[in-house]
Amino acid sequence: MFRRLTEPAGEIVTVNIDGKDVQVPAGETVATAVLVSSVGYTRTTPVSGAPRAPLCMMGVCFECVMEIDGIPNRQACQVRVENGMRIRRQYGAGASPVA
Amino acid sequence: MPEFGELLVIGGGPAGLTAATTAARLGIYTTLLDEQPAPGGQIYRGVEEAPKPRAELLGPDYQRGARIVQAFRASDAKHLPETTVWSLGPDGKVGILRDGQARIIQASRIILACGATERAVPFPGWTLPGVMNAGAAQILLKSSGVVPADGLVIAGAGPLMLLLAWQYLRAGVRVKAILELSPHVNLWHAAPRLPSALLAGHYITRGFRYLLDLRIGGIPVHFGVSGLRALGEEQLNAIEYLHHGRCHTLPTGQLLIHFGLVPNTHLTEAAGCRHIWNPGQQCWLPATDDWGNTSASGIAVVGDNATIGGARAAEHAGHLAALEAARALHRLNTTERDRQGKDDRGWMRDDLRIRPFLEALHHLPESLLATRDDDTLVCRCEEVTAGQIRQAVREGHTDPNQVKFISRCGMGPCQGRQCAHAVAHIVADETKRPISEQTPFRVRPPVRPISIAQLATLEPSKESA
């Protein structure tokens, strides 16, 4: 569980995190937005299905991979939020982006 | 002139920024590639955009970064942010990915300044949501002013724990405890190194200031802690640890861990540079000369990417490597390079005097680095346990790379960045051969995951066409 020290100032965008619309500051990373929105775990592992959450926040550990705008395995700590972005918890290896 | 100029600098922290700024000032056509959207690296993350109260809360060391970034912005160096480097060959060819477009680029010289990452030390429960690296939590604070909502515990070893706790204290965030996991015996090894460390005494003064402020703030700091476990099912709800021979349980939803830093050596390893085990820093470092040159021709490595020395030393190293690039590119002769580098060499030497003391004080015991708990996951990606690694060794796979082939540890998306050291420590423990004799995981391009579709965007380079 994380919180903001101050109410976000400046430009705000709306993203959808697991079905819920959330207002977040433009330019921040998806992982930051997700941690503040109290999603708990952000993915389950492909091997055992264990829950995981962001660990390093600098693109090294790949624990934060999520499904972003329909594309799985994106590092939430490296992608910045954009208006209308759909962010989903990723289960296992993630659904194929090809329908 | 190649499109990307004479010098490529990879990484936008203090080392890379200083190298690029210096090189551009010396008239070298310089391009800086960085994975982040804005310059500053992890240490000065978000420094250009941090509101004043946040910058003040983070302290003067952080604010220093603004000047380095300004100097870089004012220079003629070209900046390519949000660019991933996925390969580096011994021939100096660099594979990059930018806006979904893959390319192979080349320059006459390369300076690597990819920084360091927090050492991963597996312990029971460390994969639970709610356990996060302390540096990661600090990135949240620096870049977004985001902090743990319901208090936290910091555990591990190293000066970052005190700094982060001090920053949280100033921000009004509840730190329940700081657990220092380096053993008491370290004090005896660190004490003889104290006189030399006092020559870089501002670090020690600051450490004592943090400790004093934390004490006044009523935050418990426990030294000589062992047996750390993270407890919970889907989410961390408590930690357990041993202190003064007694087992303690502390309820917490957030545990921040830190076990020092290790250089990001994936590019130096991919380029075939020679690496040496450093017993003080307890990791492999690329072998370099005084100017940052690696064993690969035309490739230098600087800052924490070369040796863990901190942000100040990184600036000096970046400056020196840029002077050496200028020499190699015939902008300076050797005498002039030496003259212009004299001050930085002296300052760097003075700044690094703190390091042997810190290394001894926070030296991690093998019992912690090579976990004896067979059920603990070591490879987080492929979910390989310490027990499986030990079993592989007992079955005759007595080298980290053999263990990797047989168990898949280190073959997941992080490509061994998290588990490489832990596997080597466990193999060393199980084979009773020192870790300095182990071979680290071999690294091959692509060193970052890249999709087939992205790879298919590669075009023949203009120079070779």
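Brief remarks follow.
- Tabulated pairs, the range A:46-61, first more than 7 Å from chain B (Cβ to nearest Cβ), second part of a loop (DSSP other than H, G, I, E, B) and of a type outside the set (Val, Ile, Thr), C-beta under 8 angstrom, 6+ apart or interchain: A:PRO46/A:GLY92; A:PRO46/A:ALA93; A:GLY49/A:GLY92
- Scanning the range A:33-56 for residues that are of a type in the set (S, T, N, Q) and assigned to a strand (DSSP E or B) gives a single hit, A:THR44.
- Scanning the range A:1-32 for residues that are loosely packed, with under 15 Cβ neighbours inside 10 Å, more than 8 Å from chain B (Cβ to nearest Cβ) and either in a helix (DSSP H, G or I) or basic (Lys, Arg) (or both) yields one hit, A:LYS20.
Yes/no matrix, rows are residues, columns are (1) out of contact with any Cys (no Cβ under 8 Å at 6 or more places or on another chain); (2) part of a loop (DSSP other than H, G, I, E, B):
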{"residue": "B:TRP347", "(1), (2)": "yes, no"}
{"residue": "B:ARG355", "(1), (2)": "yes, no"}
{"residue": "B:LEU358", "(1), (2)": "yes, no"}
{"residue": "B:HIS363", "(1), (2)": "yes, yes"}
{"residue": "B:SER367", "(1), (2)": "yes, no"}
{"residue": "B:VAL378", "(1), (2)": "no, no"}
{"residue": "B:CYS381", "(1), (2)": "no, yes"}
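- Restricted to the range A:62-75, and to residues there that are charged (D, E, K, R) and part of a strand (DSSP E or B), the residue that is farthest from the other protein chains (Cβ to nearest Cβ) is A:GLU67.
- When the range B:27-68 is filtered for residues that are among the acidic types (Asp, Glu), more than 20 Å from the chain's Cα centre (by Cα) and away from every other protein chain (no Cβ under 12 Å), only B:GLU56 remains.
- Test: residue in the range B:197-207 that is basic (Lys, Arg) and assigned to a helix (DSSP H, G or I): yes
- Scanning the range B:19-77 for residues that are aromatic (Phe, Trp, Tyr) and touching a Phe, Trp or Tyr at 6+ places or on another chain (Cβ under 8 Å) turns up B:TYR44, B:TYR62.
- Scanning the range B:117-135 for residues that are within 11 Å of chain A (Cβ to nearest Cβ), of a type outside the set (S, T, N, Q) and over 14 Å from the mean Cα position of the chain (by Cα) yields B:TRP126, B:LEU128, B:PRO129, B:GLY130, B:VAL131, B:MET132.
- Filter result for B:GLY11 (within 14 Å of another protein chain (Cβ to nearest Cβ) and within 23 Å of B:TRP291 (Cα to Cα)): yes
- Among all residues of the range B:394-404, there is none that is outside any helix (DSSP H, G or I), within 14 Å of chain A (Cβ to nearest Cβ), buried (at least 16 other Cβ atoms within 10 Å of the Cβ) and free of Cβ contacts under 8 Å to residues at least 60 places away in the same chain.
- Of all residues in the range B:13-53, those being in a loop (DSSP other than H, G, I, E, B) and under 21 Å from B:ILE104 (Cβ atoms) number 3.
Just so you know, all these numbers are worked out from the coordinates, no wet-lab data involved. Here the structure is a predicted model, which is why all the values come from computation and not from measurement. All Cβ positions, glycine included, derive from the backbone under ideal geometry; neighbour counts span all protein chains shown.
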